[in-house]
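Inspection log for the structure reproduced underneath, given as structure tokens.
Coordinate-derived values only; no laboratory data. Predicted model only: the values in this text are computed from it and were never measured. Here the Cβ positions follow ideal geometry from the backbone for every residue, glycine too, while neighbour counts run over all protein chains shown.
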Amino acid sequence: MTRQTKLHVGIIGGGIAGATIAIRLAALGIQTTVFERTESLVNGPPMCHLHAGGNLYREIPDSDCVSLLKQAIEMIRLYPSSIDVRPTLIAIPKHDHGSPLDLLPRLQLLTATYAQLIKQDNNNKVLGEVDNYFQTFERTELEALARLPKVDKPCCTQQWMIAAAKLLDLDQLKYPVIAVQEYGWNIFRLAACTQLALAQYPNAQILTNTQVTQVTPCYGDTLQWTLEYLTTTTHIDSPPPNTKQAAVQPQTQSITVDYLINACGFRTGQIDDMVGISAERMLEFKASYVAHWQQNASEYNGVLPEIIIHGVRGTAQAMAQLTPYPNGYYQIHAMSKDITLFADGLVKTESSSAQPQLNPVYLKYINDGWHTKILQQRSQKAIDYVSQFVPAFANAIPTRNALYGAQQIPGQDDSLRVADVSLYREQHYARAENVKASSALFAADEVVQELLAMGFICADTFDDTLRQHHQWQYLQQASIQDIEQLATTLSIQRQFPPAMAKVNNAVHLTDETI
């Protein structure tokens with residue numbers, strides 16, 4: 001391991017970007033302090049899909065899809081226990097203008113890229129065999145699969161497609177449909193992974209329930225930053241499951257760091273304003289919904305692929321996304337303005353501030369929770385929308401919660417899906433600006449290279465072997481059982497069904513068959 005340095009880095013925000021950057025720096029021996037407003041790490045906007053190739057987005061360029069594939073592979077290797085291994089079924093409905101054949105050149109490019117990455121390092125083969133990255137199915141093939149008995153533990157794409165073939169309304173779709181190895185990403189197990197990983201490093205301090213209230217430059221031999229912060233609990237760095245934190249009166253404290261990283265997600269502009277950096281960005285408030293499909297819980301538990309029905313974003317015929325969890329729970333996105341999106345949910349910066357101003361109603365949702373009636377109405381609309389394509393899903397019922405939040409988008413292009421970090425060398429400042437969570441490790445790599453260039457890390461003694469080979473310390477210390485146990489605790493804290501934190505009963509990355 002690289003020797004510990006005197007450098008002290010402060011990271012404001014403990015979402016996937018802040019937590020991943022913290023792991024990367026702490027592994028290099030750098031003193032790292034993370035400030036997180038909520039009670040646990042990675043507690044942000046809706047996330048359920050790894051985007052290993054970006055095939056959910058027909059509108060983005062192929063180069064972005066290649067970037068998403070590369071980033072996803074790196075994140076799988078960093079957080080293998082956070083992945084739900086199952087294919088994603090992508091279909092185009094008859095009412096849509098697109099053709100399934102239009103998707104094939106991109107998929108062939110991604111397959112070739114995946115093969116190249118495996119050639120560079122065989123450990124990159126985390127999405128199965130190259131020839132199985134995607135497969136097409138004509139209607140006659142799906143009809144034949146629908147006549148087969150379901151498989152309790154699918155180990156090939158055809159077996160995964162049996163349940164989908166039985167449940168989909170095949171009359172609604174164009175052919176072929178495509179199954180691609182874009183896996184699921186479990187936010188609760190991801191949060192557990194980051195917490196357990198950071199617990200391995202004595203030089204990493206995690207301050208949860210903590211809000212940074214002021215950032216002030218300090219000019220001496222070199223620029224430093226003093227952070228004032230308000231804490232509402234005593235802090236136990238990466239506490240084990242079921243550990244309670246004793247409440248105390250809020251108190252303001254301060255700390256000085258040599259380098260500051262803004263990883264505040266949708267609140268990023270607030271820190272930019274404190275630092276004195278102007279930036280253009282947008283925020284989009286959106287939500288996904290959780291339903292329980294009891295009829296499906298026993299028969300198809302853990303054997304249904306994720307289902308994507310393409311559509312035009314923001315319209316009444318938008319993309320639908322049905323993400324399965326154990327015990328009959330499903331997360332639903334439908335990218336229309338009365339389900340996942342909101343008519344006034346997209347806002348942008350104005351000249352007076354780097355922070356776009358969300359509708360106060362949405363800020364209240366983020367801070368205090370949803371209005372129950374509105375939540376139930378939107379959840380039911382999501383169920384109704386998906387049941388156009390999966391008719392039996394009409395029997396699903398809404399749960400009491402949703403995954404929601406505001407996503408930052410750098411610049412003024414709301415179709416942007418690939419971004420990582422902006423660096424301000426003279427200010428000793430970086431801003432993480434991931435649009436997709438899979439960009440987080442690449443952002444961390446750029447921060448490390450910046451610290452090297454600035455001389456904060458000694459190039460003569462720098463050894464990045466652990467990162468290059470993904471020899472993360474926690475992977476040798478924490479089992480999937482440890483991660484699932486903590487993830488379950490986090491799901492309960494966040495008022496979600498504990499089953500949503502579980503590994504499904506099908507093949508996963510720790511199986512020898514992968």
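Within the shell defined by Cβ-Cβ distances under 15 Å, the residues around Lys174 carry a net charge of -3, with Lys and Arg each +1 and Asp and Glu each -1. Calculated FRET efficiency, Gln477 to Glu39, Cβ-Cβ distance, R0 = 25 Å: about 0.60 to the nearest 0.05. For the chain, averaging the sequence separation of C-alpha pairs within contact (under 8 Å, six or more residues apart) and dividing by the residue count gives a relative contact order of 22 percent. Among the trypsin sites (Lys or Arg not before Pro) in the stretch 56-111, those located in a DSSP loop and surrounded by at most 12 other Cβ atoms within 10 Å of their own Cβ are Lys94. Note on the stretch 402-491: Rg/Rh from C-alpha atoms, Kirkwood Rh, equals 1.06. Distance from a point 7 Å along Cα→Cβ of Leu466 to each backbone N in the stretch 25-47: keep the residues under 18 Å and list them by number. 25-34, by backbone N distance to the label point.
Between the Cα long axis of helix 62-78 and the first principal axis of the chain there is an angle of about 70°, rounded to the nearest 10. In this rough spin-label picture, where each label sits 7 Å from Cα along the Cβ direction, the Leu223-Lys373 distance is 5.1 nm.
For the stretch 132-140, 3J(HN,Hα) computed residue by residue from phi via the Karplus equation (6.51, -1.76, 1.60; θ = phi - 60°) reads 9, 4, 9, 9, 9, 9, 7, 4, 4 Hz, glycine and proline entered as x.
For the stretch 270-332, the normalised intensity computed at q = 0.13, 0.26, 0.27 Å⁻¹ comes to -0.56, -1.09, -1.13 (log10 of I(q)/I(0), Debye sum over alpha carbons, equal scatterers, no solvent).
In the stretch 27-66, whose amide N lies under 18 Å from the spot 7 Å out along Cα-to-Cβ of Gln120? List them in ranges. Only 52-54, 62-66 pass the distance filter. FRET efficiency for the Asp169 to Gln108 pair, using the beta carbon distance and R₀ = 51 Å, is estimated at 0.95. A straight chain from Asn395 to Leu148 at 0.36 nm per residue would run longer than the Cα-Cα distance by 86.5 nm.
For helix 104-120, report the angle its Cα long axis makes with the longest principal axis of the Cα atoms of the chain; keep it between 0 and 90° and round to the nearest 10°. With both axes taken from Cα atoms, the answer is about 50 degrees.
When Cys65, Cys48 are sorted by how many other C-beta atoms sit within 10 angstrom of their C-beta, beginning with the fewest, the order is Cys48, Cys65. Once the Kirkwood radius over Cα pairs is known for the stretch 82-188, the Stokes-Einstein relation at 25 °C and 0.890 mPa s delivers a diffusion coefficient of 164 µm²/s. Positive contributions from Lys and Arg (+1) and negative ones from Asp and Glu (-1), summed over other residues with Cβ under 13 Å from the Cβ of Tyr79, come out at +1. Values of log10 I(q)/I(0) for the stretch 291-395 across q = 0.14, 0.20, 0.21 Å⁻¹ run -0.65, -1.06, -1.12, by the Debye formula with one identical scatterer at each alpha carbon and no solvent. Would you please give the residues with an amide H less than 5 Å from that of Gly53, counting only those at least 5 places away or on a separate chain, with H modeled from the backbone geometry? Those lying under 5 Å, H to H, from Gly53 are Leu69.
Computed from the alpha carbon positions, the gyration tensor of the stretch 127-166 leads to an equivalent ellipsoid with semi-axes of 18, 13, 6 Å, biggest first.
So for the stretch 326-381, what percent of the C-alpha to C-alpha distances run longer than 14 Å? Percentage above 14 Å: 67. For the stretch 81-135, report the % of Cα-Cα distances exceeding 16 Å. That tail contains 54 percent of the Cα-Cα pairs. Placing a pseudo-label 7 Å from each Cα along the Cα-to-Cβ vector at Leu452 and Ile255 gives an inter-label distance of 2.6 nm. Over the stretch 35-146, the pair-distance histogram of Cα-Cα distances with 10 Å bins from zero comes to 11, 38, 31, 16, 4, 0 percent, rounded to whole numbers. In this structure, the amide hydrogen of Glu280, modeled 1.01 Å from its nitrogen in the peptide plane, lies closer than 5 angstrom to those of Gly411, counting only residues at least 5 positions away or on a different chain. Can you give me the angle between helix 157-167 and the longest principal axis of the chain, using Cα atoms only, in degrees from 0 to 90, rounded to the nearest 10? Computed tilt is about 70 degrees.
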